[in-house]
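Visitor: Sending over a structure as structure tokens; questions will come in a sec.
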Amino acid sequence: MGRLRYLNPFKIRSAVRDIRRASSGGGPKVLRLTHVGEPRGIFPVAEVEFEVEAMDGSVNSFATGVPVPWPVGWAYRIARKLGIPVISDIDHDEITARVPVPRLGR
């Protein structure tokens, strides 16, 4: 992802398009977190990729930047550079989650 996208007033159209895409196919059934990137930049931002599975089985993928608190982002970077075992052993490709979307009337 070249440029991380934030929800800002100048990108309302793309945000509305993404919301419509996520809610198509009968509404969301499952939200899956597929990738979490390392925090980058002076004011740390982590790239997050997720998928929304619709009720009809279609899957839409999204990617966005999530701000990370400054002390956490920089502490993480320093720990990676120093090779601290707990932090250095984190594999970002293995960070996944699957959350079913609750629906009324089930």
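Only the coordinates and a few stated rules stand behind these numbers; no lab work does. Everything quoted here is computed from the prediction, not taken from an experiment. Please note: Cβ atoms are built from the backbone with ideal geometry, for glycine as well, and neighbour counts cover all protein chains shown.
Visitor: What does the net charge come to around I78 if you take all other residues with beta carbon closer than 15 Å to its beta carbon, with K and R at +1 and D and E at -1?
Guide: Its environment carries a net charge of +3.
Visitor: Check H35: other-chain or 5+ apart residues with amide H under 5 Å from its amide H, H built from backbone geometry?
Guide: Those qualifying (amide H under 5 Å, at least 5 residues apart or on another chain) are E49.
Visitor: Once you place label points 7 Å from the Cα toward the Cβ at I78 and I95, how far apart are they in nm?
Guide: 1.9
Visitor: Right, something else. Please work out whether the chain counts as rounded, prolate or oblate from its C-alpha gyration tensor, where a ≥ b ≥ c are the square roots of the eigenvalues and a/c under 1.5 means rounded, while otherwise a/b larger than b/c means prolate and anything else oblate?
Guide: Verdict is oblate for the chain.
Visitor: Would you grab the residues whose amide H sits under 5 Å from the one on V68? Only those 5+ places off in sequence or on another chain, please, with H modelled 1.01 Å from N.
Guide: V45, A46
Visitor: To continue, here is another question. Can you sort K81, K29 by how many other beta carbons sit within 10 Å, fewest first?
Guide: Listed from fewest to most nearby Cβ atoms, that is K81, K29.
Visitor: Taking θ = phi - 60°, what integer Hz values does the Karplus form 6.51 cos²θ - 1.76 cosθ + 1.60 yield along region 55-71, in sequence order, with x for Gly and Pro?
Guide: Result, rounded to whole Hz: 4, 8, x, 6, 10, 10, 9, 9, 9, 8, x, 10, x, 10, x, 3, x.
Visitor: 5 Å is the cut-off here: which amide hydrogens, built 1.01 Å from N in the peptide plane, fall below it relative to K29, excluding neighbours closer than 5 in sequence?
Guide: Sorted by chain and number, the residues that satisfy this are E53, A54, M55.
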